[in-house]
Amino acid sequence: MLRASWKSLLARKLRLLMSGFAIVLGVAFVSGSLIFTDTLGQAFTKIMAGGVGDVVVRPTGAANTDFTQSAKTLPASLVKDLATVDGAARVDGYVSSVGVFVIGRDGKVIGAQGAPGIGMNFSDAPAGHGIQGLSITSGRAPAKAGEITLDPLTAEKAGYKIRDTVPMVTSGTQPSLKANMVGIGKFGGGGLAGASLTTFDLKTAQQLFEGGKDVYNGIWVTAKDGVSQAELRDRVKPLLPVGAEAVTGDKAADESASAINQSLSFISTFLLVFAGVSLVVGTFLIINTFSILVAQRSRELALFRALGASRRQVSRSVLFEALVIGIIGSTVGLALGFVLATGIKVLFAAIGLDLSGSPLVFEPRTALASYLVGILVTVFAAYLPGRRASRIAPVEALRDDVAMPESSIRRRAAIGTAMTVLGALALGVGLFTSIPNALVSIGGGMFLVVVGVAIASPLLGRPVVGLVGMFYRRMFGTVGRLAEQNAMRNPRRTAATASALMVGLTLVSMMAVFGQSTKASVDKTIAASFSADYVVSNAIGVPFSPVVVDQVKKVPGVDAVARFRFVAAKVGADSTQVGGIEPAPFAKAMKVKMDSGRIGALSGQTLLVESTLARQKGLVVGDKVTMSIAGNAASYPVVGTFEALPGITGWQYLTSLEALSAAGVVPADNFAYVVRAPGSDAATVRAGIAKVVAGLPTVTLKDQAEFAAEQRAPVDQMLALIYALLGLAVVIAVLGIVNTLALSVIERTREVGLLRAVGLSRRQLRTMVRLEAVIISLLGAVLGVGLGLVFGVALQRSQADSGVEVLSVPFVQLITFVALAALVGVLAAVWPARRAARLDVLRAITTD
């Protein structure tokens with residue numbers, strides 16, 4: 001039986017290829033996601049290992065685990081003291097900032113889009129364990145004011161060579177400056193993952209970042225041969241002043257790498273979610289393919305039964321074919337994963353996370369996960385068709401009619417309806433009751449509804465097919481009737497193929513509704529709550545120099561300027577964000593609605609808490625919240641609760657600027673909200689502010705409408721990325737339509753020959769196949785867009801308290817999805833239709 005199964009498999013190479021293609025794409029996405037995330041993790045591990053010495057001396061609490069730059073410093077005299085430590089080969093101090101960006105020859109910022117712009121003093125000190133630290137690859141190190149080095153990638157992107165004058169912007173006391181590039185320097189670990197590196201001489205770095213004080217942000221102590229990091233750390237500790245700590249380089253690197261990997265873990269989750277979607281869609285395709293193959297082999301399987309094969313042997317025969325397809329598909333998918341990982345690298349490089357200097361990393365778990373996923377999904381998808389094949393009686397299977405019995409359709413409809421009802425109940429519980437993790441209930445309900453509709457789709461799809469059929473009969477006559485009857489002949493096959501497209505379009509439509517609602521909510525909240533006339537912000541999402549706001553305040557016609565700063569923080573074990581404001585000007589710039597307390601009570605180390613969060617945590621005025629900012633924990637009394645504000649929705653805690661300074665946060669502004677004085681000329685005031693920021697390409701000036709557009713832009717970017725990734729699921733669904741039609745044509749070879757013999761032209765035959773494809777596509781589109789609309793509304797309602805309070809349905813976009821689905825059907829039918837039209841009539845008629 002095994003030999004017969006193997007021969008049967010090899011005799012149908014085309015079907016083998018087509019049925020395995022879906023699993024290839026799904027596994028490719030799984031392996032590509034794992035390869036990329038492993039590459040990302042290793043790249044940052046190398047960067048962190050090359051960015052610390054054997055022992056790191058730093059201000060207490062200044063560990064950069066939340067990416068907040070500390071303003072605390074160490075005295076320069078400490079370097080001389082530590083040089084006397086037994087076992088220390090050398091001691092080097094460093095001064096650094098993460099707000100230094102190079103402006104390219106084209107006027108654009110280099111290394112932006114979220115990746116830091118690192119500025120520091122040049123030092124050739126080795127990193128921990130003797131790893132090459134910063135080194136000069138060409139030219140020389142900066143020796144005086146007005147000299148810098150750049151990393152190779154930044155110099156290349158900016159178009160600068162040695163001896164060129166390089167313009168830069170900083171977040172320090174000097175917003176812009178120019179210097180001559182005298183060399184190119186890089187860390188021994190290789191690339192910087194999209195960050196840019198600019199080095200200065202020590203005095204210039206201290207002047208730029210520490211106001212000219214003879215201090216350091218940290219100190220590296222390099223161990224002599226034979227001295228371990230732990231031994232050197234213990235010898236250093238007795239010499240440290242109050243407010244300083246010493247840690248091994250390994251610990252410092254692990255802290256930073258763990259923080260980065262944790263913050264980037266959403267990338268792997270994000271990619272694997274879409275891999276799961278692709279596999280779900282692929283499962284529909286494989287189930288459908290094996291159902292067709294079993295139907296086409298009914299005579300063959302009946303002969304096996306007649307010759308003595310048991311039901312178990314027939315079932316195992318089908319599962320064996322699935323196992324072979326799973327192994328082959330997983331192998332090809334694993335190889336294709338490298339190509340996909342390279343593509344993901346290019347995609348993320350475009351948004352600032354450049355890993356071009358890091359080779360792809362292949363871990364054994366990637367291969368294990370790829371084969372497990374590919375084989376298990378394929379075997380699972382083939383189980384039901386295999387089980388069905390084993391239950392076909394020999395005499396019944398020898399008949400030509402292999403259509404699905406009506407009782408089976410009714411049973412599927414009952415199961416599907418039950419799952420849909422359960423899913424709807426879970427959705428309702430998540431939406432209308434106060435349960436913890438409501439999104440889990442909502443997500444689970446959506447999943448059950450999708451699966452339930454997919455199972456019941458043979459019955460649910462009949463009205464859609466019937467409606468399209470009425471149009472077909474009027475427009476195409478007999479050919480249209482034949483297309484309708486072909487789609488209805490095996491409703492399970494038609495519905496399963498449409499369900500693959502339905503899944504993709506459900507997610508696309510849901511995100512379209514939610515995205516449009518998010519943008520409409522942004523517009524409403526800004527219009528209702530925004531009192532400021534202008535917003536000054538950094539175009540690349542990092543802080544800008546506080547000198548900018550100082551200068552904007554001096555512009556004639558400006559009444560008030562409200563600074564807004566935000567930093568990472570921790571409340572208990574939860575990571576969060578806290579914003580720093582000046583209460584009086586902030587109240588002028590924003591229509592702050594206080595639910596309790598008053599905004600004027602905010603001073604020193606106190607907090608305002610967003611109302612929804614306050615209700616969740618049971619916080620009221622007078623309670624205290626223990627919060628850690630820049631590594632410094634303190635108790636902050638709650639002096640008020642406020643409703644969410646536009647533009648700062650992500651920051652549910654507000655404190656004073658004095659509190660941020662006390663915590664050791666480097667003073668730099670993220671936003672400045674500008675209010676014009678009554679009676680001042682808007683054009684004159686704007687021109688005055690524009691003059692202040694004219695030499696700073698990273699700092700932008702916007703009015704209310706432009707600010708609203710800026711807040712909508714991330715939503716559009718996210719939707720574009722989601723659509724691109726969901727495109728893979730749609731591609732698999734299209735392949736499913738191609739596969740179904742091609743196998744259906746093979747199955748109906750004799751019928752096609754008879755139709756041609758009685759006068760059906762090749763053109764009419766191609767039209768019939770295309771119309772059948774359009775029915776399948778429209779069925780998937782109608783179900784998918786309908787579910788997506790419902791899910792989008794549910795998702796919007798679930799986030800109404802988080803700021804997405806406006807429901808906006810993009811009807812034109814949804815209708816476009818349906819129209820594109822019909823076009824997809826036409827394109828998917830091109831090859832099967834041509835194949836059907838080219839069949840030899842006499843040979844087709846004699847096909848058994």
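The values are calculated or read from the model by the stated rules, or taken from the named source; none is laboratory data. It should be emphasised that the depicted structure is a prediction, and the values quoted were computed from it without experimental measurement. Please note: Cβ atoms are built from the backbone with ideal geometry, for glycine as well, and neighbour counts cover all protein chains shown. Heavy atoms of the whole protein, side chains included, go into the accessibility calculation; ligands, DNA and RNA do not. Shrake-Rupley method; radii C 1.70, N 1.55, O 1.52, S 1.80 Å.
For the reader, a short list of remarks on this structure follows.
- Note on Q577 and S77: the model spin-label points, each 7 Å out from Cα along the C-beta direction, lie 4.2 nm apart.
- Tensor-based shape of the range 133-227 (alpha-carbon gyration tensor, a/c under 1.5 rounded, otherwise prolate or oblate): oblate
- Two-decimal log10 I(q)/I(0) for the range 500-563, as the Debye equation yields it once each C-alpha is a single scatterer, q = 0.11, 0.12 Å⁻¹: -0.50, -0.56
- Counting heavy atoms of the protein chains alone, S176 has an accessible area of about 50 Å² for a 1.4 Å probe.
- Sequence-distant aspartates and glutamates (8 or more away, or on other chains) whose Cα lies within less than 19 Å of K213: D81, D92, D201
- Listed by chain and number, the aspartates and glutamates placed with their C-alpha closer than 12 angstrom to that of K593 are E610, E643; residues fewer than eight positions away on the same chain are left out.
- Quotient of C-alpha Rg and 2.2 N^0.38 Å, computed over the range 175-249: 1.46
- C-alpha center-to-center spacing [the range 789-848, the range 449-507] in angstrom: 11 Å
- In the chain, the longest principal axis of the Cα atoms and the axis of helix 265-296 are about 10 degrees apart.
- When the residues T417, T525 are ordered by accessible surface, computed with a 1.4 Å probe over the protein chains alone, the sequence from largest down reads T417, T525.
- Radius of gyration over Kirkwood radius for the range 91-148, both on Cα atoms: the Rg/Rh ratio is 1.01.
- Angle between the chain longest axis and helix 811-828 axis [Cα atoms, degrees, rounded to 10]: 50 degrees
- Ranked from largest to smallest solvent-accessible area, with a 1.4 Å probe on the protein heavy atoms, D523, D54 come out as D523, D54.
- Cross-link partners of K591 among lysines (Cα-Cα below 17 Å; sequence separation of 8 or more within a chain): K524
- Cα point-scatterer Debye curve for the range 580-708, base-10 log of I(q)/I(0) at q = 0.16 Å⁻¹: -0.89
- Identified option (computed mean projected area of the Cα convex hull in nm²; candidates (i) 37.4; (ii) 42.3; (iii) 44.8): (ii)
- Taking a ≥ b ≥ c as the square roots of the eigenvalues of the Cα gyration tensor, the range 689-799 is classed as prolate, since a/c reaches at least 1.5 and a/b is larger than b/c.
- The angle between the Cα long axis of helix 364-390 and the longest principal axis of the Cα atoms of the chain comes to about 20 degrees, rounded to the nearest 10.
- Amide hydrogen neighbours beyond the local backbone of A560, cut-off 5 Å, H modeled: V675
- Computed from backbone phi, the HN-Hα couplings of the range 149-154 come to 10, 10, 6, x, 5, 5 Hz, rounded to whole numbers (Karplus: 6.51 cos²θ - 1.76 cosθ + 1.60, θ = phi - 60°; Gly and Pro given as x).
- Per-residue ³J(HN,Hα) for the range 756-761, Karplus 6.51 cos²θ - 1.76 cosθ + 1.60, θ = phi - 60°, Hz, x for Gly and Pro: 5, 5, 8, x, 6, 6
- Of the two radii for the range 540-602, the radius of gyration is 1.04 times the Kirkwood radius, both from the alpha carbons; that is the Rg over Rh value.
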